[in-house]
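One structure below.
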Amino acid sequence: MRQLVRDKEKLQDKIGVVAIDTVDEAYKLCEKFICQQNGVENIRELAWGSGYKMLDDEFSSTFRELAFAGYGLFFISHAKDKTLKDDRGQEYTQIAPALADRPFSIINKMVDIIAYLRQIDIQEGEEVKHKRYLFFRGDERFYAGSRFAYIVPRVELSYENLLKSIYDAIDKEVEAKGGGEATEESNPYLRLDYDTLMEDAKALWLQVIDKGKIEEAQKLLEKEFGKAIKFSEVPSDQVEALSRVIGEIKEIL
């Protein structure tokens, strides 16, 4: 997927959205990758829970880099029944994403909508039609939600209906706040952040040293910034370049 980041200028007119089907399997493949990188069979073999931190960092940073590069992201997960408890301590069953808690907490921060797709029967005259709907608001029966406060509860499945529901929700929110123009405000978790990238760079450099890849990493830094430079010397106004070179160095490890 980092190939998409590197080649975004060539691909931006061809690819605008990346769909991960399924994100459940993507997390498993990421775990397998971390194990291979560290020469272990099971991630639990890595001391002090460090394997899970590396896994979460790799999983989240890969998708953040895609978002930073301007791609839209669709994550697809299977559904499963989960047993929960209400405020009175009584158990109930809810249909929810099958994604495990750790990756779900990462993806949940990235997305603006968690939609539940299901088929329902619609009576049209004497005929019953089977139609698929996207649900944007959940209840005790199923999990769904949105950052858009004024989005409709559901729409019949189509890309056009999805876009229209988002645009309508934005317009209604602007109107409710007294008019004005809609802004390009984005999910703060997906904004390029210098301090966060520098923390990633520090952790990455430890892996560079451990893998004996210092010379190769230094060449990538020099290629990106046009001169010999350390991560600690990268200025705060170079966040896009910093993000790119972090991704490139990860690929050589």
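What follows draws every value from the coordinates through simple rules; no lab data is involved. Predicted, not measured: the structure shown is a model, and the values here were computed from it. Neighbour counts run over all protein chains shown; Cβ positions are idealised from the backbone, glycine included.
At-a-glance table
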{"read-out": "Sequence ranges 17-24, 83-90, ranked by mean other-Cβ count within 10 angstrom, highest first", "value": "17-24, 83-90"}
{"read-out": "Relative contact order %, the chain, counting alpha carbon pairs below 8 Å whose residues are six or more apart", "value": "14 percent"}
{"read-out": "For the chain, share of DSSP beta bridges that run antiparallel, in % to the nearest 5", "value": "80 percent"}
{"read-out": "Cα→Cβ-extended label distance, 7 Å offset, between ASP101 and ALA228, nm", "value": "4.9 nm"}
{"read-out": "Amide N of segment 10-32 lying under 16 Å from the label point, which is placed 7 angstrom from the Cα of MET110 along Cα→Cβ", "value": "16-32"}
{"read-out": "Listed residues ILE151, ALA98, TRP48: farthest to the positive end of the dipole of the chain (Cβ charges)", "value": "TRP48"}
{"read-out": "Anisotropy class of segment 1-128 from Cα gyration tensor, a/c 1.5 cut", "value": "oblate"}
{"read-out": "Label-point separation, GLU140 to ASN42 (7 Å along Cα→Cβ), nm", "value": "3.9 nm"}
{"read-out": "Cα centroid separation, segment 203-229 to segment 140-174 (Å)", "value": "44 Å"}
{"read-out": "Selection of GluC sites (Glu not before Pro), segment 113-185, meeting DSSP coil and at most 16 other Cβ within 10 Å", "value": "GLU126, GLU140, GLU181, GLU184, GLU185"}
{"read-out": "Total formal charge among the other residues, if their Cβ is under 11 angstrom from that of LEU204, Lys/Arg +1 and Asp/Glu -1", "value": "-2"}
{"read-out": "Pairs of lysines in segment 192-252 (C-alpha under 19 Å apart; 8 or more residues apart or interchain)", "value": "17"}
{"read-out": "Within straight-line cross-link reach of LYS131, lysines at Cα separation under 23 Å, skipping those fewer than 8 residues along the same chain", "value": "LYS80, LYS164"}
{"read-out": "Sparse-neighbourhood loop sites, GluC sites (Glu not before Pro) in segment 16-110 - DSSP loop, at most 15 other Cβ within 10 angstrom", "value": "GLU41"}
{"read-out": "Length gained when the stretch LEU11-THR93 is fully extended (0.36 nm per residue, less Cα-Cα span)", "value": "25.2 nm"}
{"read-out": "Degrees between helix 101-110 axis and first principal axis of the chain (Cα, 0 to 90, nearest 10)", "value": "90 degrees"}
{"read-out": "Computed lengthening from LYS172 to LEU206, 0.36 nm per intervening residue step minus Cα-Cα distance", "value": "7.4 nm"}
{"read-out": "Shape call, segment 192-252: gyration tensor on alpha carbons, a/c limit 1.5", "value": "oblate"}
{"read-out": "Likely footprinting exposure, GLU224, GLU251, fewest C-beta neighbours within 10 Å first", "value": "GLU251, GLU224"}
{"read-out": "Expected 222 nm ellipticity per residue - DSSP helices of 4 or more, -39500 (n - 2.57), all of the chain, to 500", "value": "-14500 deg cm²/dmol"}
